[in-house]
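Rule-based calculations on the coordinates, nothing more; no lab input. It should be emphasised that the depicted structure is a prediction, and the values quoted were computed from it without experimental measurement. Please note: Cβ atoms are built from the backbone with ideal geometry, for glycine as well, and neighbour counts cover all protein chains shown.
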């Protein structure tokens, strides 16, 4: 798995994070600088090397003759190059390292990072309880992201709190819009950025039109907090809904089997009358389900859970199975599985099956 964090020629990684005096585990890739104290957006941009500018430059179509001259090291007349400038197209070029981020039409509107992330100051730093900038980084294509920790939004019980983040993403690649969205995923690389964006239900998007910069006004902060509050309330409502769903031991077994078994294997289990001891089920399958049921009852946080026997308890048991109990060959494989891989699929299947009980 590639993190896609840009590494400069001097070896610096374009990533910075706040670990809050060890309260938060550092990013899995181990890159960039780590700080204990909350960061301002200006500080984070400087330390992550995100304070670069991008300029729209002409695009030239090279003829075979011009290519031959270039390859032989001969001088090329500027007027000759000017003849071959392609109308209505430009390239987005970083001014710090001359990297070309994309070829775009002349209607493409650049949003400089200093514009894109400045509004964060209207959200952060108001008082000691304000949200703080948690991570900031630049990917290899120049896409820049920042995650803002919005403090705990939901307590699963016994101090098991869920944090929520506002993610801001700006790009120059002609593929992605400037976007702000809410996510429970702490963004530290391209994979988490993609996972957050796929999974979010609250986001605001600005396309790169010519006048897009004028739309990023002070009102964006208020609008962002507005949809964030809606997302937070919806998230809490879903958690409360899961709490109301009462499950028997057999319900839990069926849902775990449905989430972990392939469709063909589940049909065998179903045909047997939901008998986990069915001789047509492999020993490996039986052991896998037995392990999952054990984690559900005595796994990390499960014994202390105040909502034992509910949909929330079951869902939390399945997530802790994948996050804390299953063995992975590497941290990268674990990450891939949880964010968009098989573990993510199993958790979503379980969530859907739980909600079916009250559909």
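Using Cβ contacts closer than 10 Å as the measure, can you line up 172, 119 from fewest to most?
By the 10 Å Cβ count, ascending: 119, 172.
Quick one: which of 245-252, 48-55, 291-298 comes out on top by average Cβ neighbours within 10 Å, and what's the full order, highest first?
With the highest mean Cβ count within 10 Å placed first, the list reads 48-55, 291-298, 245-252.
Can you tell me which of 107-117, 71-81 comes out highest on packing, and rank the rest after it, using the mean Cβ neighbours within 10 Å?
Top to bottom by mean Cβ count within 10 Å: 107-117, 71-81.
Based on other C-beta atoms within 10 Å, arrange 120, 300 from fewest to most.
300, 120
Which of 269, 165, 328 has the fewest other C-beta atoms within 10 Å, and how do the rest follow up to the most?
On the way: 269 21, 165 24, 328 14.
Lowest to highest Cβ neighbour count: 328, 269, 165.
According to the Cα gyration tensor, what semi-axes, each the square root of 5 times an eigenvalue, does the equivalent ellipsoid of region 36-145 have, listed from largest to smallest in whole Å?
41, 14, 9
Note the full-extension length gain between residue 342 and residue 55 as 0.36 nm times their separation in residues minus their Cα-Cα distance, in nm to one decimal.
99.2 nm
Starting from the coordinates of the alpha-carbon atoms of region 54-97, obtain the Kirkwood hydrodynamic radius over all distinct pairs and give the value in Å to one decimal.
11.7
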